[in-house]
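The next block holds one structure in the form of structure tokens; read it before the comments.
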Amino acid sequence: MIIGDVRVIRADIPVARPHAMSFTTLEAVNFVFVRLETRDGLVGWGEAACLGGPTWSEESAESVAATLERYVAPWLRGRDATGIEALRIEMARRVQGNPFARAAVEMALWDLAGRALGVPVHRLLGGRVRDRVPLSWSLAVASPDAEVAEARARVALGHRIFKLKTAAHPVARDVERVRRIREAVGPDVALRVDANQGWDRPTALRAIRALEPYGLDFVEQPVARWDLEGLAHIGRSVAVPIMADESCFTPQDALAIARAGGVSILALKLTKSAGILGALAVARVAEAAGLGCYVGCMIETSLGTAAYLQVALAAAPVTWGCELFGPLLLRGDVVRQPVRYADGAILALDGPGLGVEVDETFVKEWTRRA
């Protein structure tokens, strides 16, 4: 299992409709794919998805590719791919920060490991504790009427959880959006909102209290990522559970959030936690602190979605479902058979490695030319 070749590929895939968030509106998702090949010819793949440049975090597809090509790929060639933990630790020493870049490599290492053993990655993580994960669909549509129509169409397809992107507009407009969606989908469909750090403390309190009558499951990241005291204060001041996302990259972040109190749920994302092992470490802290977990996304292809899904299947604290809807929103994919959905859930993958087969002709179709 000696790594012989490392390829880093930048690509862009349009979304089916603009995705409006508090910090940007996406027309396309930017990707970096990592292809590892052993000297024996075994191939593993990883992926980092970025939202329109260094917007959600400091990393962009350009920075991820540059970091991997210059500082990781030369060192990785000739290494034993089976030593995932040792490689993860050394990679973190060589590349400070840059969790998206490191995550793409770690995903590919896990894919190699599962393929070499002929088992799905979740088997290597202790086995799956669930065979499907309830799926949340994100409503981030500029037109209120189109948003209602999209919600109704998704309910007809079996979706029972929706998350509205908020904080791009005044509070009154967001409250009206939630009211209309609640009326459209009825009382039995779960609703959540995500401010993506878009409110300050007073606005967050005002918004959440105004939204309480509409039966929200949780409010995600209402204030800036650094404001753990604010998260705790808001969580203690409102009836709706609070989820930390951008505030929680590492297990150290998770521990600080748990100690501060007020937060009920931690969002897991492989790329923000530098890979599968980092995301599982966050989940273990959550479990020890009595917090629930939710698996978010950066709008991945079926490749990245499959990696996230391995954690969603194997991590016991993932009791709030997931939003692994990327393949449903993107206009293209990079695998032969996409991940599967049914009855408002994403279904387990039990094939070897990450469980999907990358088609390099599809990768080439979306590869950035300049």
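A few notes on this one:
- Options A312, A281, A306, A267: the member that is within 21 Å of V193 (Cα to Cα), part of a helix (DSSP H, G or I) and in contact (Cβ under 8 Å) with a residue 12 or more places away in the chain: A312
- Among the conditions (1) surrounded by fewer than 16 Cβ atoms within 10 Å (Cβ to Cβ); (2) of a type in the set (D, E, K, R); (3) touching a helix residue (DSSP H, G or I) at 6+ places or on another chain (Cβ under 9 Å), D111 misses just one, which is (1).
- Criterion: touching a strand residue (DSSP E or B) at 6+ places or on another chain (Cβ under 6 Å) and basic (K, R) - qualifying residue of R154, R123: R154
- Taken over region 139-158, the residue count meeting the criterion of being assigned to a loop (DSSP other than H, G, I, E, B) and either surrounded by fewer than 17 Cβ atoms within 10 Å (Cβ to Cβ) or assigned by TED's automatic domain parsing to the domain that holds M21 (or both) is 4.
- Residue count for region 306-320, restricted to those that are buried (at least 24 other Cβ atoms within 10 Å of the Cβ) and among the small types (G, A, S): 4
- When E212, E246 are checked against the criterion of being free of Cβ contacts under 8 Å to residues at least 40 places away in the same chain, out of contact with any helix residue (DSSP H, G or I) (no Cβ under 6 Å at 6 or more places or on another chain) and acidic (D, E), a single residue qualifies: E212.
- When every residue of region 252-259 is checked against the conditions, none turns out to be within 24 Å of R102 (Cβ to Cβ), in contact with a strand residue (DSSP E or B) (Cβ under 7 Å, 6 or more places away or on another chain), in a loop (DSSP other than H, G, I, E, B) and not basic (K, R).
- Scanning region 67-112 for residues that are farther than 22 Å from G355 by Cα and of a type in the set (G, A, S) yields A73, G78, A86, A92, G97.
- So G332, is it at pLDDT 95 or above, part of a helix (DSSP H, G or I) and either assigned by TED's automatic domain parsing to the domain that holds D131 or surrounded by fewer than 22 Cβ atoms within 10 Å (Cβ to Cβ) (or both): no
- Residue count, region 264-280 (criterion: under 25 Å from V339 (Cα atoms) and surrounded by fewer than 22 Cβ atoms within 10 Å (Cβ to Cβ)): 2
- Region 335-358: number of residues that are outside any loop (DSSP other than H, G, I, E, B), out of contact with any strand residue (DSSP E or B) (no Cβ under 6 Å at 6 or more places or on another chain) and either within 21 Å of P14 (Cβ to Cβ) or free of Cβ contacts under 8 Å to residues at least 60 places away in the same chain (or both): 1
- Here no helices (runs of 4 or more DSSP H) wholly within region 159-247 include at least 3 residues being of a type in the set (D, E) and surrounded by fewer than 20 Cβ atoms within 10 Å (Cβ to Cβ).
- The residue that is surrounded by the most Cβ atoms within 10 Å (Cβ to Cβ), among those in region 31-59 that are within 16 Å of K269 (Cβ to Cβ) and of a type in the set (S, T, N, Q), is S57.
- Conditions (1) within 24 Å of P352 (Cα to Cα); (2) within 18 Å of the chain's Cα centre (by Cα): number failed by E59: (1)
Rundown of residues vs (1) of a type in the set (A, V, I, L, M); (2) part of a helix (DSSP H, G or I); (3) in the same structural domain as S273 (by TED's automatic domain parsing), yes/no style:
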position: E37; (1), (2), (3): no, no, no
position: G41; (1), (2), (3): no, no, no
position: A48; (1), (2), (3): yes, no, no
position: G52; (1), (2), (3): no, no, no
position: E58; (1), (2), (3): no, no, no
position: S63; (1), (2), (3): no, yes, no
position: Y71; (1), (2), (3): no, yes, no
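- Some residue of region 127-134 being farther than 24 Å from A342 by Cα, surrounded by fewer than 21 Cβ atoms within 10 Å (Cβ to Cβ) and in contact (Cβ under 8 Å) with a residue 24 or more places away in the chain: no
- Hey, T361 within 25 Å of A156 (Cβ to Cβ) and in a helix (DSSP H, G or I) or not: no
The values are calculated or read from the model by the stated rules, or taken from the named source; none is laboratory data. Since the model is a prediction, treat every value here as computed from it, not as a measurement. When we count neighbours, we look across all protein chains shown, and the Cβ atoms used for this are built from the backbone with ideal geometry, even at glycine.
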